[in-house]
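What follows is a set of notes on a single structure, which appears directly below.
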Amino acid sequence: MAEHPFASPLLSGLDAQGRAALRAAARPRQLADGAAAFAPGDPADTLWFVVEGSILLETPRGSREIGESGHFGSEALARGASRAARALSRGESSLFEVPVAALERILAHAGRAALLVREGDLARRRAYVAELFATPFGQALGERPLEALVARLREESWSRGQRLFEAAEPAERALIVVSGLVKVVSSGDKAGFFARGDLVGLEATRAARSYDATATALGDAVVLALPRAVLRELSLRHPEAVARAERSVRARLEKQARVEELYAGRATRHAVHELERLSSARSLLAIELDACVRCGECARACAETHGTPRLTRRGEKVVLRVVDGGGLAARALLLAEACQHCRDPACLPECPTGAITRDASGAVALDEALCTGCGACAKACPWDAIRLAPRAPGGAGASELVAHKCDLCRGRSGPECVSACPTGAIFRADPARDLVEVRSLVGALERANPKPDAPRGPARRSQALRWLFCAALVPPLLALSRSASDATDALHALATGVVAGVLALALLSHGVLKRLPRLRARLSGRTGERGKRGLARFVSAHALLGVSAAAVVLAHAGHHATHGVASLLSLVFWLLAASGGLGALSYRLVPRRLTRLERRGTLPEDHALEREELEQRLYGRLSEQERTVKELARTVLLPYVSALLGPVWLVLSGRTPAAEEAALACRIERLLGGRSSARLAGSDALVRAAVAFRVLAARRLLERALALWPPLHLALSVLFALLLAAHVVGVSR
Amino acid sequence: MTAAPPSERRRRPRLAADSSDITRRRGWLAAASLGATAGFLLLVLRDGPRSLGAPGPLARPHAALGCASCHDGSQASAGDRCVSCHGNHSSTRAAHQRLAENGELGCATCHAVHRSEDGVAFDANGEVTLYGSGFERVMVAPPTSPARPDASRKVLVPLVRSAACTRCHEAANDRDPAAHCVSGESAFSLCFDEHRLPAQASARAPALRDAAIERARTVARGARADAGAVASFGSDAAVVAAGLGVAGLALALDRRRRRAVLRAVVPVPPPPGTRRLPVIDAATCLGCQACVDACPYDALVVKRYVAVLERPDACCGAGPCQSSCPNGSLKLVTDGAAAAGPRLSETLESEARPGLFLAGDVTGGSLVRNALRQGVRAAHAAAARVAGVGARGDANELDLVIVGAGPAGLAAALTAQALGLRSVVLEQGRLAESIHSFSRQKLVLDAPLPTDEKLPLFIGDVHKEELVQRWQRTVRAARLPLREGARVLEVAPAAHGFHVRAELAGGVPFEALATAVILAIGTRGTPRALAATLDEAARPHLHYELSDARSFAGRSVVVVGLGDVAMESALALAAQPGTEVTVLARGAGFLRGRKRNIDGLAALAARGRVRLVFEAEVVRIGPRAVEARVAGVGRSFPCEAVFVHVGRVPSHELLARAGLAEPARVARK
């Protein structure tokens, strides 16, 4: 930036270093006449400064003009706020915007932090009013009374995991939640979730008792404290507002209770446990586990595209109902470790140089040139979505390490992970719109993403039609083959040979073909439409070709192949067909079984650690038990754990871990002849640990079944290519 | 995973790591190509290079011939060359003769040398072999066979496949002259009268020829035409298996090579005995909290976006703060005022007392991995000394006494065990006590070691809880001679070694003569004892450390002291159900400690969960109560256990008593 007016009262007095830091963090903007810098409802993270021209700020209450060297947009000083006004340019104007966190740091370094303090306070109050005004409570109260109320109250800022109040504590204040999610657990372990505009702890404060529940902040939360006196006044002057708030909370709590009941019997975690993550995500990366074949292509494609992996297939497994096309479907989803572009990102205010910013659609971006590798963002992200990696040589920026996170593959035609998935299992969704549980638990208070940036729901594929087609293709080809089982007719041999050869070439080039779209996009640098299904099509085409090729080869070579290249070739082909067929079958059957056995998403390298922990658990607990239980363990549990075929039985029986535990407990009961189970207290935990062992072994077995055949298939296909070349050369002589 | 709220902010950023998804596929294509090439080469080896271009291998009679015998590069068909060796065998059938003259029927039409030349061979030793293109099968002769041919001669009877006849003839058509030749019972034609009629044959070696033909007919009748396929399947499968095996081997070797490549650079540890303090350039400091989170002793804090060294006494002098600073604003600078520690040799042997070694933080260094290295080095040096002292040292009960079971002590103990020394480890508290006292979830050990330096106990980026757990498992598995709760009172020089006197847990005295002693006592010192009367009966109920709060559930306890350790003990005990906690503090209020602890304890006191008694001087600790003077008035606090947390005595006293030189100013934590 050549011209840089430091005439603004905020920025005058910065020394050379401060100016340099400001220049680095600032983003210049040129606006034409009438263009908008931002609109109401946009996320607010930056402060805008006017260099040339002027800006008209339009609010429902009136308009204000900002001239040169003025600044606007101070609602950004309140974390998590959104724009309250529309900023229109009058004439051509030149502006720049600075992330607030970076600005605060720069000013503090220069000793001028006090300048922003008052403005920040005002901005925060105004932002609280704006946020609360959109809730039932605020609506019932009215704007002026709300402003007056907010001005009197003390704000409390809580970070994730902190307790706002505990049960049995004397209730001195009620709370109005302004931002964030607060979980309240009463004595019966019943949990309720309170979000923006809800009043917490009302009855206890009114009656001057002690709180009857514990309130924990699930994420960073801001609340306003209502002391007893103010609450009494409020109830006297505006009883309907308080009543309205209580009513809406009660309705939501009832709904929450109903949802919880519905899922009470499930073994896997429910959305309730992950509610904070789901409600803060704007673009959640989820993997449908029943379709995922655990191939890792998504992570590999991401690493290939960006150099460092920004996606890891670890995380919580939740059963959710997804809005998909016209209907709802309950799916087991893995919430992978990848940036979910939160509505109120924890990483954004942590960055000292303002490298993390948000665009209007809410996608959070990280500027590598500004990143210093300090890792503050990575430490703040609750879900490990930001990682540090050594900086690639040749880029801008000087630090050794740089932060990486998913940026939705901006600049490309769509997320690479989505197009690399062979079964279309990975997708991005907006939980507030696409996940029913989130909508019903946290409700319409969370604004859905106004500008969708991901396709709705996971890609659906209709398998049945494809397999029908395969099945219909095979009989005529087989009939062809039967008519020439001796295969001495030269023409017949040549014809079928050529067809088989062509099909074989098509099959062999699968590896090249599937990379073609990505290559094409990279070469042309297009940013075309998003969310192509990509790889899934090629995989099904490959399977189809394989079946047809098998039939043609049967016709060509018949049942006997002479010695030498031809017989080896046919052996290799049949091995390929067998491995491919088995692979396709495993892709179809295994994921569902595997999902039922998994507790969360893990990678094969985690198994060793898990096994160690299980051993610790089982043997540690065993050593605490009394003799009868130890005897029981020796005769039943330990053989159960070490049975070689045990995992196979578990897989074949198709039981979930819970069902298996019940079965084992039954077996123990029968063995003991129905003796009182009171003596065997503690055996429950042992049964669970033993079953966990077998489940782990079964999972490893299934994962191996999915993962072993591709390298075999690849090795055989290279051999096949060589032999085919030799065969063709030999035959043509 | 429970339903607890998510954990607090991490202390260290996660580094991007390639998961197995990404590393799994590396090297597949190369290994597959290698394996395929190997398989292909095996094929070439098996059949010969020429066989690649051939439509099929040659069978028994022609197997030894080279390609050039028949294929001389001229335009003439190779089939015409049969005549040069076999002579011109014309057909007995007129129709066939006509076709032969026209050139439509040749030797190769029926005898396909490359594809299916078949025949029966009668060997001199009586073996009957059915051979074909690429296979040979020894037949068991049927019992009702006609007279055997002369056993001394080797006879070959060529067979022709029915497929050769059916190219022109229709086997199903009764009117076809060849219909009876091609029967369904065999894949071969059973006529044997194409070139010589039976009657004509009687002129030359009749019995032999007819007998041979008869036997061949019998063999041919039962033979299946696809014998070759079965026979070659074995060798084909072997080729494929060999190829896959090579591919697998290549992949495994590639994986091993990748694992051996290391990346990190290990920073050079400071020489023992120097002391350094961090100096922060406020102009460039970003306030990013990296150094604050990295400091194990919480010596740094960020005030107004700039890092500040708040507790210089707690600073260890060579920690990871410098390496975690992203832009070099924090530098460790040698503090000239600090004195050096006890003078040590290269092998960590003290110069004042040979045979006495120091390892770990007590040498003035820091960092757990340096302590591990020093422990190993000291153990090796001690072993050398034991070997040097030799027979005289055998009179001692022990070769080595290790004082302290922190990283240095444990590493030394494991090494000593591996070297076969008779040793014992005396630890005043619990295993890895100092690391245990790091704040919760503190990350230990940042940069990895070079892979050729395998230290026992080195784990890598891990939380302190996990580290301590793993070490406990290692110690249990190795059955290290570890005595916990043993306070070493004296290490005095004796003949050929040292006389070590200690008090084990429960007051049991311990004395031993050892050839060498390693002091790995760290810098935290020993818990200070109260200046109060202690009843002998109360001794089992007196604790200086709180190891497991759960075991005190439902009991009434008294905690003496109000520092961080005392407050944390009180908080942990109050969190257990049913405990009654009384805290006796000498001062009039909260004097020091972390804000979190003070706030927590004050909140508990306000709720009545914990009883806070200020201005209390403990006078007597009895088996069932603690007597103290509270503001001059004597009071009794009944309890079942007493925890005394009134500070620590620095370790240099032990060093001084052991005869070492004036040690450095040991940091108080």
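Selection within segment A:714-733: residues that are in contact with a Gly (Cβ under 6 Å, 6 or more places away or on another chain) and either touching a residue at least 60 places away in the same chain (Cβ under 8 Å) or of a type outside the set (Gly, Ala, Ser) (or both). The member of this set that is surrounded by the most Cβ atoms within 10 Å (Cβ to Cβ) is A:LEU719. Every test in (1) within 11 Å of chain A (Cβ to nearest Cβ); (2) modelled with pLDDT of 85 or more; (3) surrounded by fewer than 17 Cβ atoms within 10 Å (Cβ to Cβ) is passed by B:VAL292 save one, and that test is (3).
Here's the yes/no breakdown for (1) of a type in the set (D, E, K, R); (2) within 20 Å of B:LEU356 (Cα to Cα); (3) modelled with pLDDT under 80; (4) not in a helix (DSSP H, G or I):
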residue: B:LEU426; (1), (2), (3), (4): no, yes, no, yes
residue: B:LYS454; (1), (2), (3), (4): yes, no, yes, yes
residue: B:GLU465; (1), (2), (3), (4): yes, no, yes, no
residue: B:PHE498; (1), (2), (3), (4): no, yes, no, yes
residue: B:PHE510; (1), (2), (3), (4): no, yes, no, yes
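Looking at segment A:609-617, is at least one residue crowded, with 19+ Cβ neighbours inside 10 Å, under 18 Å from A:ARG699 (Cα atoms) and more than 12 Å from every other protein chain (Cβ to nearest Cβ)? Among the residues of segment A:609-617, not one is crowded, with 19+ Cβ neighbours inside 10 Å, under 18 Å from A:ARG699 (Cα atoms) and more than 12 Å from every other protein chain (Cβ to nearest Cβ), which makes the answer no. Of the numbered criteria (1) modelled with pLDDT under 75; (2) crowded, with 18+ Cβ neighbours inside 10 Å; (3) not aliphatic (A, V, I, L, M), the one B:SER162 fails is (1).
The residue that is nearest to the other protein chains (Cβ to nearest Cβ), among those in segment A:596-608 that are part of a helix (DSSP H, G or I) and in contact (Cβ under 8 Å) with a residue 12 or more places away in the chain, is A:PRO604. Selection of segment B:198-239 for residues being modelled with pLDDT under 60, within 25 Å of B:ALA112 (Cβ to Cβ) and in a loop (DSSP other than H, G, I, E, B) yields B:ALA225, B:ASP226. Between a first residue in segment A:565-580 that is more than 9 Å from chain B (Cβ to nearest Cβ) and a second residue that is among the polar types (S, T, N, Q), which pairs have beta carbons less than 7 Å apart while being 6 or more apart in sequence or on different chains? Close Cβ pairs satisfying both conditions: A:LEU576/A:SER717. Of all residues assigned to segment A:655-667, none qualifies as being surrounded by 15 or more Cβ atoms within 10 Å (Cβ to Cβ), in contact (Cβ under 8 Å) with a residue 24 or more places away in the chain, among the charged types (D, E, K, R) and within 14 Å of chain B (Cβ to nearest Cβ). Can you say whether A:ARG314 is under 27 Å from A:LEU218 (Cβ atoms), among the basic types (Lys, Arg) and touching a Ser or Thr at 6+ places or on another chain (Cβ under 9 Å), as far as the supplied structure shows? Spelling it out, A:ARG314 is indeed under 27 Å from A:LEU218 (Cβ atoms), among the basic types (Lys, Arg) and touching a Ser or Thr at 6+ places or on another chain (Cβ under 9 Å). Tallying residues that are basic (Lys, Arg) and modelled with pLDDT under 85 within segment A:92-125 yields 2. Which residue is surrounded by the most Cβ atoms within 10 Å (Cβ to Cβ), if the candidates are limited to segment A:316-341 and must be at pLDDT below 90 and within 14 Å of another protein chain (Cβ to nearest Cβ)? Applying the filter and picking the extreme gives A:VAL318. Would you be able to say whether some residue in segment A:188-206 is within 11 Å of chain B (Cβ to nearest Cβ) and among the aliphatic types (A, V, I, L, M)? Scanning segment A:188-206 turns up at least one residue that is within 11 Å of chain B (Cβ to nearest Cβ) and among the aliphatic types (A, V, I, L, M). Residues in segment A:206-252 that are among the β-branched types (Val, Ile, Thr) and at pLDDT below 85: A:VAL249 alone. Determine whether segment A:175-193 contains at least one residue that is surrounded by 15 or more Cβ atoms within 10 Å (Cβ to Cβ), at pLDDT 85 or above and over 27 Å from A:ARG277 (Cβ atoms). Within segment A:175-193, none of the residues are surrounded by 15 or more Cβ atoms within 10 Å (Cβ to Cβ), at pLDDT 85 or above and over 27 Å from A:ARG277 (Cβ atoms). In the set (1) within 14 Å of chain B (Cβ to nearest Cβ); (2) within 24 Å of A:ILE356 (Cβ to Cβ), A:ALA81 fails one condition alone, (1). Take A:GLY73 and tell me if it is of a type in the set (Gly, Ala, Ser), crowded, with 20+ Cβ neighbours inside 10 Å and free of Cβ contacts under 8 Å to residues at least 60 places away in the same chain. In short, yes. Restricting attention to segment A:682-713, the residues that are more than 30 Å from B:THR37 (Cβ to Cβ) and free of Cβ contacts under 8 Å to residues at least 40 places away in the same chain total 3.
Scanning segment B:534-554 for residues that are over 14 Å from B:GLY506 (Cβ atoms) and hydroxyl-bearing (Ser, Thr, Tyr), we see that the one that is modelled with the highest pLDDT is B:SER551.
Screening A:SER642 on (1) touching a Phe, Trp or Tyr at 6+ places or on another chain (Cβ under 9 Å); (2) under 30 Å from B:ALA241 (Cβ atoms); (3) of a type in the set (Gly, Ala, Ser) shows it passes everything except condition (2).
The values are calculated or read from the model by the stated rules, or taken from the named source; none is laboratory data. Keep in mind that this is a model prediction, so the values were computed, not measured. Counting neighbours? That spans all protein chains shown, and the Cβs are built from the backbone with ideal geometry, glycine included.
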